[in-house]
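Report on the following structure.
The values are calculated or read from the model by the stated rules, or taken from the named source; none is laboratory data. Small disclaimer: the values here were computed from a predicted structure and weren't measured. With ideal geometry, Cβ positions are generated from the backbone for all residues, glycine too; neighbour counts draw on all protein chains shown. With ligands, DNA and RNA removed, areas are computed over all heavy atoms of the protein, side chains included. Shrake-Rupley method; radii C 1.70, N 1.55, O 1.52, S 1.80 Å.
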Amino acid sequence: METQQETWQNLNGKIFHQPITQLVEEAIIREQNNGYRLKVCVGSDSHVYGDAINYATAVVFIREGKGAFTFIRKQREMQRISIKERMLNEVNKSVEIAYAICSILDTYGVEMEVHADINTDPEFKSNIALKDAMGYILGMGYVFKAKPYAFASSNCADMVV
């Protein structure tokens, strides 16, 4: 699977060459052995630079009452697309990772949310993709969060994109 071969990093820039499935499972085992209750949030963000679009996908581990840590994947694509298509590409990248890790999370009893960097206010351009994104994420059986509650995409992924 393509997602298994990509490079991930943390917010300090440390590079990980393991597949995201391995990183997630090792993190869950380590954190649960340390007594933490976890929740995972997956979200993506993007920025346009001329003909290039930089994407970042974040897998955020929240330790209940004890902070969080993140794995980030960065990608660059050369294309010109509409805002709606770009927002849905972000959602697709998040769902791809959520799908890859959901069985691991289920095995260890870890909840997951999928965050969309889409504004719920119709005054914002990204709102054009809200209904499609919500339908896709909910249709996959995941918990859906949009702005202002979508911190995995609008804060964590946004920091590195």
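Brief remarks on what is shown
- If you filter the range 22-35 down to residues that are open to solvent by less than 30 Å² (accessible area, probe 1.4 Å) and among the β-branched types (Val, Ile, Thr), you find that the one that is nearest to the chain's Cα centre (by Cα) is VAL24.
- Pick from the range 132-161, criterion β-branched (Val, Ile, Thr) and touching a helix residue (DSSP H, G or I) at 6+ places or on another chain (Cβ under 9 Å), ranking: surrounded by the fewest Cβ atoms within 10 Å (Cβ to Cβ): VAL143
- Residue count, the range 4-58 (criterion: under 26 Å from MET78 (Cβ atoms), touching a residue at least 60 places away in the same chain (Cβ under 8 Å) and of a type outside the set (Ser, Thr, Tyr)): 12
- The C-beta contact set for the range 115-135 (first residue in contact (Cβ under 8 Å) with a residue 60 or more places away in the chain, second residue surrounded by 15 or more Cβ atoms within 10 Å (Cβ to Cβ) and of a type in the set (Val, Ile, Thr), distance under 7 angstrom, 6+ apart or interchain) comprises HIS115/VAL42; ALA116/VAL91; ALA116/ILE137.
- Taken over the range 76-131, the residue count meeting the criterion of being more than 18 Å from ALA56 (Cβ to Cβ), open to solvent by less than 20 Å² (accessible area, probe 1.4 Å) and not β-branched (Val, Ile, Thr) is 1.
- Members of the range 108-157 found to be over 20 Å from LYS39 (Cα atoms) and within 14 Å of the chain's Cα centre (by Cα), listed by number: ILE118, ALA133
- Restricting the range 36-75 to residues that are charged (D, E, K, R) and open to solvent by 60 Å² or more (accessible area, probe 1.4 Å), the residue that is farthest from TYR149 (Cα to Cα): ASP51
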